[in-house]
Amino acid sequence: MRGRCIVSQVIAGCAGAIATYVAMADHVGVLSSFAQTPAASAGLRSTELFNRTMDDVLGRRLTVRVIERDGGNGSAAHRHPGSHTVGYILEGSYEVKIDDGPLRSLKPGEVFYEAPNALHAVSRNASKTEPVKYLVIQVSDPAKPATVPE
């Protein structure tokens with residue numbers, strides 16, 4: 001139980017610190033110097049901002065990405081077996097449904113959380129015409145698959 005509490009605190013602390021850094025860095029022009037080339041796929045772009053093994057947290061990997069989806073873009077139901085995932089909406093509107101929870105339509109400044117192996121039943125841009133941009137922060141067990149389709 002204590003380990004879960006520590007992991008939760010690490011995730012919350014990292015999410016807040018990284019979101020603040022990304023928001024501030026974008027305003028002063030620093031963000032683009034750290035970003036890796038985006039990976040693009042039919043209306044979906046992912047730019048990795050940070051990726052580091054956390055040796056002092058059981059070898060977990062901390063990654064931070066900015067995801068951009070064109071209007072109407074979404075992904076099929078999936079799971080992240082070894083990852084705690086926090087999403088922070090930057091621009092647009094994002095629809096998300098985790099496990100048996102309600103379908104939520106999130107706006108800029110709102111957050112979602114996925115526990116390891118939770119079903120990410122809905123993951124899509126809520127708009128058919130406008131893009132959505134969100135920050136994804138993950139603390140992952142590198143021994144488990146990153147994503148498993150349903």
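Bear in mind that the values in this text are calculations on the coordinates, not laboratory data. Please read these numbers as outputs of a predicted model, since none were measured by experiment. Neighbour counts are summed over all protein chains in view; Cβ atoms, including those assigned to glycine, are modelled from backbone coordinates with ideal geometry.
Between residue 75 and residue 147, what is the spin-label point distance in nm, taking each point 7 Å from the Cα along the Cα→C-beta axis?
Modelled inter-label distance: 0.3 nm.
Between residue 57 and residue 115, how many nm apart are label points set 7 Å from Cα along the C-beta direction?
Between residue 57 and residue 115, the label points sit 1.8 nm apart.
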